[in-house]
Each structure stands twice: as structure tokens, then as C-alpha cells.
């Protein structure tokens, strides 16, 4: 089905593997298009509860696939019509209803790291190295990283990494909150799958979808009242649906829950709430 990525669904977990190992999984527009197609499929498929993205071979993604004349950075369209391909991937990840884990198995630089910023959890192999190398190539940030990166690590650390363009270790990334865990290379996928399985086995798909979008959207809110208004609608709606009853019964009976609501068909009628012009 795909040429530059591989996908696999097992135990309600979709794994997307960047699959250009001969080019260290370097990014191309075609690769970006295939990632977006896979994400669309994941959102439409209720069998998929959690996604993991990783790279084939020794790299996660070595950034843009560079050629000698830098043509990858030149577009034939006008400036007004041009849209950064990495940004389109990041925006699609941002819109996901399913949680997504980045399993960073090796070097992740340029778009190779910025595309992970809208992912919910980043876990890195000890072999991983990262770099926001744009200024060393004479270009600027992309993939919406001007919005995501300072929110994740703070403006000072973001400016240090972006201004120097240096490549840094997975341990440094963890120290500053860019990744949540650093694990041995041979434990990366098993650790990621274990975390994904915890979500699959214990949570309501609809609850996770609503919470995911609540927290991402509230990063741009100007007052906690905005979160309070959305949360109040969430609580009112979930309190009248089947999953809350199942969640309470499973807790009282000390068993695993069996939630029935589906993201594809059972979301509240006010979702996506951020598209309403006046949300009250």
C-alpha cells in the first residue's frame, strides 16, 4: 500500500515505520503525504486506539533529503500559495483523535525531530541524537515548531537549540523535557508498546480523544475559564453515556473495563468544539 512507510496494526496499536533506511529515512514530500494518509486511516479505524511512529534501520529521520542544489527548499508556487510539507504533517498529527508515541530509535534532526513535537509522548533510544539544525543550513524552522517547541521546553532552551543548530544527545533531550524516557535501543519498541497497551487496556477511547484535544487546544487559551467551559461540557456529556457507567462498575468490581463508545461514531455533538464561532 505504501512505498516509503510501513504500517502494522496489532493489539489495537498501529505502528508507522518510516521506511527509507538507505537514506536514513530522510524526509520527502512523498513520505509526508504517505504519513498523512496513514494518520487518516488511523483516525477512521476504531480498531486503532494508539499509534507509534519509529524509523527503520539505524535512524529515525535524518531530516530533509538534501540534494546538491538545495532544490528541496524551492517551490514553483507563489509565496502566498506555498505551504511547508512538514507543517502539514504536524498539523495532521495535531488534529488526531488517537494518542501517538514517537519511538525515536536513532538520529532525528531537522524535520525528523520537529515532526515529533505534536506527538503526545516521545521516548528515545540511547542511540538517538537530535538537532534543530536549520540555521546551519541557511533556512528557518518548519513543521509548526515555532509554536510547539517553546511550549514543550521553554523559550530559553528552544532558542539555545535553534540558534546554535547543534546536535545533542537523548539524555540532554530528557533533561529538558523534550523526551520523557531514554531506554536501551533493544527496549525502545517494547517500552513504547507497553505504554500503548496500558492505554488500550484501561481507558475509554472517547475519553482519551476528548482529553487529548482539550490539552493541546488549551495551550493557546488566554484564561483558565476557557478550559473550565469545555471541561464542564465534557463532564456533563460523559456523565450521561455508557462508558462512565462501565468505568465505575469496573473499578468497584476490580476488573478491566470494557468500554463501548467509538471515536468514529459516538463523539458528542459539540465536538469539535473549537470550530464553533461562539463557544459558551
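GNM, the chain, Cα, under 10 Å: largest mean-square fluctuation among 20, 212, 83?
With Cα springs under 10 Å in the chain, the top fluctuation among 20, 212, 83 is at 83.
What value, in deg cm²/dmol to 500, does the helix sum -39500 (n - 2.57) over DSSP H runs of n ≥ 4 give at 222 nm once divided by the residues of the chain?
Taken over the chain, the calculation gives -12000 deg cm²/dmol.
Pick out which of 186, 65, 40 has the largest mean-square fluctuation in a Gaussian network model of the chain, springs linking Cα atoms closer than 10 Å.
The residue that fluctuates most here is 186.
Express in nm, to one decimal, how much length is gained between residue 76 and residue 201 on full extension, taking 0.36 nm for each residue of separation and deducting their alpha carbon distance.
My answer for the length gained is 40.2 nm.
Find the relative contact order for the chain and round it to a whole percent, using C-alpha pairs within less than 8 Å whose residues are 6+ positions apart.
Answer for the chain is 16 percent.
For residue 10 paired with residue 222, estimate the spin-label separation in nm (one decimal), with each label point 7 Å from Cα along the Cα-to-Cβ line.
Distance between label points: 5.0 nm.
Could you check what % of the DSSP bridge pairs in the chain are antiparallel, to the nearest 5?
30 percent
Rounded to whole Å and sorted largest first, what semi-axes of the equivalent ellipsoid does the C-alpha gyration tensor of segment 90-196 yield via the square root of 5 times each eigenvalue?
Rounded to whole Å, the semi-axes are 22, 16, 11.
Which residue, 226, 201, 253, tops the fluctuation ranking in a GNM of the chain built on C-alpha contacts under 10 Å?
253
Restricting the calculation to Cα positions, tell me the Rg (one decimal) and the Dmax (whole number) of segment 203-275 in Å.
Calculated on Cα positions, Rg and Dmax stand at 13.4, 41 Å.
Antiparallel DSSP bridges in segment 60-167: what percent, to the nearest 5?
Taking every DSSP beta bridge with both residues in segment 60-167, the antiparallel ones total about 10 percent.
Length gain on complete extension for the stretch residue 171 to residue 186, per 0.36 nm per residue less the alpha carbon to alpha carbon distance?
Using 0.36 nm per residue and subtracting the Cα-Cα distance, I get 3.7 nm.
Between residue 262 and residue 66, what length comes free when the chain is fully extended (0.36 nm per residue of separation minus the Cα-Cα distance, one decimal in nm)?
Net length gain for the segment: 66.4 nm.
Any read-out appearing in this document is the output of simple, stated calculations on the displayed coordinates, not a laboratory observation. In this text the structure is predicted, and so the values were computed from the model without any measurement. Glycine gets a Cβ as well: all are built from the backbone with ideal geometry, and neighbour counts include every protein chain shown.
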